[in-house]
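Chemist: After the structure tokens below, expect a handful of questions from me.
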Amino acid sequence: MNYIEDLIKYLSNNLLTLGPLVGMLICLIESLIPILPLALFIGLNVKAFGIVVGFLISYTGCILGSILTYFLSKKLTNEFIESKLEIVKKISFTNFTILASLPFTPAFLFNIISGITKMNFKKYLTMVFISKFSIVIFWGFVGYSFTSLLKDIKMLTLLLLFLLAVYILCKKLEKKFKLN
């Protein structure tokens, strides 16, 4: 376990010398190349820049990358692919957002599907702001205190309560802004 902690410390120290723009850029690029480890990038940003600044850097990079992926998908799709994804349009805003908020779901897929189905940008942007917030919080927390998370059931419970709060927020926004 010391080897992993030493590696993370080395990477986060080097990220600090490169600056916050690089931290933001790696999160943005992950949206375009989803095989890259977003959890690692967020964890490194939080380790290198602190909880608040690392969160803001990661969150901003994720948002910008998601929006870029959305517009690229929207621009590069054809009607055949769009017609095959009609079922996605029937998923409620809340359910779509909750799925996109889960840390182990392929977030890039939600960006691409939203673009292909030409989801209303206001609805899409609301979903991205909520889902990326919870994902960055989760991975930032895990990256910041991975070893303590494994030992403390209270922290896992806190994360589950956070996801419940996201669900309730989505339901309220769905009704208020008629996002379905």
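Chemist: State the number of residues belonging to the range 44-86 that are modelled with pLDDT under 80 and in a helix (DSSP H, G or I).
Modeler: Number satisfying all stated conditions: 7.
Chemist: Follow-up. Given the structure, is K90 open to solvent by 80 Å² or more (accessible area, probe 1.4 Å) and basic (K, R)?
Modeler: Spelling it out, K90 is indeed open to solvent by 80 Å² or more (accessible area, probe 1.4 Å) and basic (K, R).
Chemist: Here is a further query. I'd like to verify a number: residues in the range 41-87 that are more than 24 Å from L28 (Cβ to Cβ) and either open to solvent by 70 Å² or more (accessible area, probe 1.4 Å) or of a type in the set (A, V, I, L, M) (or both), how many?
Modeler: Looking only at that region, the number is 8.
The values are calculated or read from the model by the stated rules, or taken from the named source; none is laboratory data. Note that the structure is a prediction, hence the values are computed from the model and not measured. Because the Cβ atoms are built from the backbone with ideal geometry, glycine has one as well, and the counts that use them run over all protein chains shown. For accessibility, only protein heavy atoms count, side chains too; no ligands or nucleic acids. Shrake-Rupley method; radii C 1.70, N 1.55, O 1.52, S 1.80 Å.
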